[in-house]
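Accompanying notes for the structure given below.
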Amino acid sequence: LTSIDIAGQGLPRPSFDLGWTLVDDPKRGRDIVGNGDGIAQVGERVRLQMTVRNSGAGAALDAFVSLRNFAGDAVFFDDGRLKLGKLGVGEVASGELTLEIRKLPKDGKAAVQINVVDSSIGESLSE
């Protein structure tokens, strides 16, 4: 009987840092409908400006940002996914996603989750 020891080492993995800003000031984009107070309210169409940094030890090969709606039909995503693509170590990518607050949610909160995912590596961050 012969035995063989096999050791494997995974690739260095990315890790994500996420920053975002809600923009509801029509002066900052013609498709924005809001009062400029920085709070998403019923009847407003706002942008979420996203900035993602890869702070990990490895590159993200196919990164994207997606939104998840926990408020039902009270919130509508015009675009709920932002493709970032390859994101090397220390690199930063940014973009925008647009959503509308159509009515007051039952619990009074327009709950939305922001996810940053690398579908090739399987690494993710959720806020």
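Using the beta-carbon distance between D37 and E127 and R0 = 22 Å, what value does 1/(1 + (r/R0)^6) give for FRET efficiency, to the nearest 0.05?
Result of the calculation: an efficiency of 0.55.
All other residues with a Cβ under 12 Å from the Cβ of G85 taken together, and with Lys, Arg as +1 and Asp, Glu as -1, what is their net charge?
-1
Looking at the range 1-46 from every direction and averaging, what is the projected area of its Cα convex hull in nm²?
That works out to 7.1 nm².
How many nm separate the modelled label positions at E91 and D73, each set 7 Å beyond the Cα in the direction of the Cβ?
Inter-label distance under the simple model: 4.2 nm.
Enumerate the calculated ³J(HN,Hα) couplings along the range 83-89 in order (Karplus 6.51 cos²θ - 1.76 cosθ + 1.60, θ = phi - 60°), each rounded to whole Hz, writing x wherever the residue is Gly or Pro.
So the J values, rounded to whole Hz, are 7, 9, x, 6, 9, x, 4.
Based on Cβ point charges of +1 for Lys and Arg and -1 for Asp and Glu, what charge dipole magnitude is obtained for the range 23-105 about its Cα centre, in debye rounded to the nearest 20?
Result for the range 23-105 is approximately 120 debye, rounded to the nearest 20.
Report D for the range 1-108 in µm² per second (integer): Stokes-Einstein, Kirkwood Rh on Cα pairs, 37 °C, 0.692 mPa s. Kindly include the intermediate steps, with their values, before the conclusion.
Values: Rh = 16.2 Å.
For the chosen part, D equals 202 µm²/s.
FYI, it's all coordinate maths here, none of it is from the lab. Just so it is clear, the model here is predicted, and its values are computed rather than measured. No Cβ is skipped: glycine too gets one built from the backbone with ideal geometry, and neighbour counts run over all protein chains shown.
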